[in-house]
Amino acid sequence: MRLTLHKKKIAALLLFLGMAFGTWLLLTSSRLDDPLPTEPLSDEKRDPSGFRLPRGTPLQMRLAAYRNNLRQPVLNAEVFPGRPELVVVVQVRGGPGSGSRLQLLAESLQSAGPGATGRLLLVLSMEQPCPEATEAMRAIDFCRVLPVYFPYSLSFYPDEFPGTDPADCPRDMPKESALLKGCTNAEYPDSHGHYREAVYTQDKHHWWWKLHFTWERVREVSGHSQHILFLEEGSYLLPDWLHVLRLMQKQCQEDGCHMLSLGGISVPETTPDPQHMELSNFVASRHRTALTVPRETYYQLMGCLAEFCTYDDYNWDWSLQHVSAACLAHPLKVLSARLPRVLTLPPNPEDGGMCGRSGPCSNIDAASQSLRAKVRELSGQLFPKTMTIASRQQEVRNPPPMKNGGWGDIRDHTLCQSYARL
């Protein structure tokens with residue numbers, strides 16, 4: 001036990017020193033005359049925000065990402081002055097198809113109308129520099145756009161933690177063999193006897209960092225008191241999404257709920273009543289996409305930092321359900337729309353089942369035609385004057401049925417908990 005605690009302290013100290021060194025590099029590099037390699041910009045691509053796409057070595061890209069997050073360049077700020085009244089945060093994975101998904105999301109966001117989008121701040125939390133996504137981002141001209149980078153992504157740490165270190169243990173290596181081999185994380189397999197896979201741990205890290213960074217570090221969010229809507233790539237919003245969001249916010253205040261859910265499923269097979277809502281405890285499989293988090297709920301979640309960051313599940317949503325059941329004074333109460341106002345781009349058979357939330361999109365119009373058809377089908381049922389709660393679930397602590405694993409490494413625990421101190 002003492003040896004384990006000692007190793008935990010060493011891991012925490014090394015992580016702290018590494019982050020402190022990275023911060024020192026950031027501050028000192030900002031005083032250098034020679035800028036870091038960035039995307040060559042034509043006159044057409046230059047914008048007053050000063051945003052640049054990171055280029056160069058992983059270290060150079062890391063420093064460029066830190067600079068970007070420190071400076072927080074806001075695109076279209078000169079066109080839409082003033083503080084935002086609405087904040088939407090999108091987790092952008094980057095890579096092939098990311099630009100197409102972002103174009104589709106922007107198309108649906110714009111459906112709220114210029115009177116609403118002119119007061120919107122769209123935060124794009126990106127996992128990697130992606131020219132395709134950057135081009136789609138620069139084409140957004142109907143609201144303020146803030147690009148930030150998840151600074152601990154695999155693209156910035158390709159050969160070291162939190163990426164995949166060559167000295168790490170292979171996923172399926174038995175612990176006895178790992179201890180004999182002496183690989184880095186030999187003592188920390190997950191609940192199922194497997195070692196971490198960076199490609200899967202990244203999503204939970206990114207979600208938790210994004211939640212903290214948005215509420216604590218985004219300057220334009222300072223003083224914001226309303227719900228913030230968190231979306232993923234591949235989301236498509238119905239035209240009345242903002243109208244419904246405002247109705248639900250009012251109802252949430254009356255019923256004391258913690259979060260709102262606007263949906264986030266693929267094209268529904270049946271059409272539930274568009275005026276009905278339900279009040280229930282947080283369930284990962286139902287509420288993970290298109291979730292809103294107000295400031296008060298964010299503070300409650302941060303009070304359960306250790307529970308979230310040490311729970312052996314690489315999925316942030318199941319980890320959140322664990323926190324709801326095991327840590328909070330009262331389980332998370334979610335008010336959700338029975339008719340989803342946020343749909344998910346379905347996988348496209350032409351792209352080998354990809355193009356939903358990740359992967360290439362060879363033909364975005366073909367991949368999204370079912371979404372547009374559903375919107376046309378629902379056009380006469382949208383924009384309800386009022387909404388009512390059709391069902392209310394009693395307060396019940398519903399822990400996840402099992403731990404999915406993938407989150408047994410002490411380094412992931414330490415890094416996850418460090419975001420609250422950044």
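The values are calculated or read from the model by the stated rules, or taken from the named source; none is laboratory data. If you're wondering where the values come from, they're calculated on a predicted model, not measured in any experiment. Cβ placement follows ideal geometry from the backbone for every residue including glycine, while neighbour counts extend to all protein chains displayed. Each accessible area value is taken on the protein alone, full model and side chains, heavy atoms only, with ligands, DNA and RNA left out. Shrake-Rupley method; radii C 1.70, N 1.55, O 1.52, S 1.80 Å.
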Next on the checklist: Please report Rg (one decimal) and Dmax (integer) in Å for the Cα set of the stretch 99-170.
Outcome noted: 16.3, 54
Item to check | Modelled FRET efficiency - R0 35 Å, Gln72 with Tyr200, Cβ distances, 0.05 increments | outcome: 0.75
Item to check | Debye intensity ratio I(q)/I(0), log10, the stretch 142-218, q values 0.23 Å⁻¹ (C-alpha model) | outcome: -1.03
Item to check | Distance between modelled label sites at Leu180 and Thr164, nm, 7 Å Cα→Cβ extension | outcome: 2.4
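Computed over the Cα atoms of the stretch 161-318, what is the ratio Rg over Rh, Rh following Kirkwood? Display every interim value, and only then the final one.
Details: Rg = 19.6 Å, Rh = 18.5 Å.
Value, to two decimals: 1.06.
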Checklist entry - In terms of modelled amide H atoms, which long-range or inter-chain residues lie less than 5 Å from the amide H of Phe230? => result Val89, Leu291, Thr292, Val293
Next on the checklist: Within the stretch 107-135, name every residue whose backbone N is under 17 Å away from a label modeled 7 Å from Cα of Asp365 along the Cβ vector.
Outcome noted: 107-108
Checklist entry - How far is it, in nm, from the label point at Thr310 to the one at Asp172 when both lie 7 Å from their Cα along the line to the Cβ? => result 3.2
Checklist entry - Can you list the residues of the stretch 183-227 with backbone N under 12 Å from a point 7 Å past the Cα of Met402, pointing along Cα to Cβ? => result 192
Item to check | FRET efficiency, 1/(1 + (r/R0)^6) with R0 30 Å, evaluated for Glu296 and Asp141 via beta carbons | outcome: 0.35
Next on the checklist: Please report the equivalent ellipsoid semi-axes of the stretch 40-141, computed as sqrt(5 x eigenvalue) of the Cα gyration tensor, largest first, in whole Å.
Outcome noted: 23, 16, 13
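Out of the stretch 226-326, which GluC sites (Glu not before Pro) are coil in DSSP terms and have no more than 13 other C-beta atoms within 10 Å?
Glu269
Out of the total accessible area of the stretch 175-251 (probe 1.4 Å, heavy atoms of protein only), what percent is carbon and sulfur? Intermediate results must be reported in sequence, preceding the final value.
Details: 1400 of 2870 Å².
Whole-percent figure for carbon plus sulfur exposure: 49.
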Checklist outcome for this item: Once both label points are put 7 Å beyond Cα along the C-beta direction, the Ser225-Thr57 separation in nm becomes 5.0
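Too long at a 32 Å Cα-Cα cut-off: which of Lys204/Lys385; Lys175/Lys333; Lys181/Lys210; Lys181/Lys403; Lys250/Lys403; Lys374/Lys403? Mind showing how you got there, number by number?
Values: Lys204/Lys385 37 Å; Lys175/Lys333 40 Å; Lys181/Lys210 36 Å; Lys181/Lys403 27 Å; Lys250/Lys403 35 Å; Lys374/Lys403 36 Å.
Result: Lys204/Lys385; Lys175/Lys333; Lys181/Lys210; Lys250/Lys403; Lys374/Lys403 exceed 32 Å.
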Checklist entry - Using the heavy atoms of the protein chains alone and a 1.4 angstrom probe, what is the accessible area of the stretch 109-241 per residue in square angstrom? => result 35
